[in-house]
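Visitor: Have a look at the structure that comes next, please.
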Amino acid sequence: IEERIALTIEQFKKVMQKHGIELIETDSGFNPHFHDAVMQVESEEHKEGEIVQLLQKGYKIKDRVLRPAMVSVAK
C-alpha cells in the first residue's frame with residue numbers, strides 16, 4: 001500500500017510541474033505577497049520578522065499565488 005501511495009504522490013507532483021505549479025519557498029525570507037504570518041514566536045536563533053516554521057505549504061503558478069504559505073515569524 002505504501003508503494004501505491006508514494007507512486008500516486010509522485011504522479012501528482014508531475015502533473016503539478018507540468019502545469020507550472022510550484023511550491024512557495026520559505027528559505028528566502030518573509031514576503032507578505034507569498035507568505036501568511038499566522039503567529040509570532042520568541043526565537044533566539046532568528047532575527048525579528050524572519051520565518052521560524054512552515055505551518056502549511058503554499059503554491060504559485062508563475063507569479064500568481066494559488067495559496068500563500070502559512071508561517072510563524074520571530075518577534
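Visitor: Cβ-Cβ distance below 9 Å, separation of 6 or more or different chains: which pairs start in region 15-32 with a residue that is under 12 Å from Asp63 (Cα atoms) and end on one that is among the polar types (S, T, N, Q) and surrounded by 10 or more Cβ atoms within 10 Å (Cβ to Cβ)?
Guide: From region 15-32, the pairs are Ile24/Asn31.
Visitor: Right, something else. Considering region 22-75 alone, what residues qualify as being loosely packed, with under 13 Cβ neighbours inside 10 Å, part of a loop (DSSP other than H, G, I, E, B) and of a type in the set (D, E, K, R)?
Guide: Once the filter is applied, which keeps residues that are loosely packed, with under 13 Cβ neighbours inside 10 Å, part of a loop (DSSP other than H, G, I, E, B) and of a type in the set (D, E, K, R), region 22-75 yields Asp27, Glu42, Glu44, Glu45, Lys47, Glu48, Lys57, Lys62, Asp63, Lys75.
Where a number appears in this text, it was derived from the coordinates with a stated rule and is not lab data. All figures in this text were calculated on a predicted structure; none of them were measured in a lab. Positions of Cβ are generated from backbone atoms using ideal geometry, with glycine treated the same way; all protein chains shown enter the neighbour counts.
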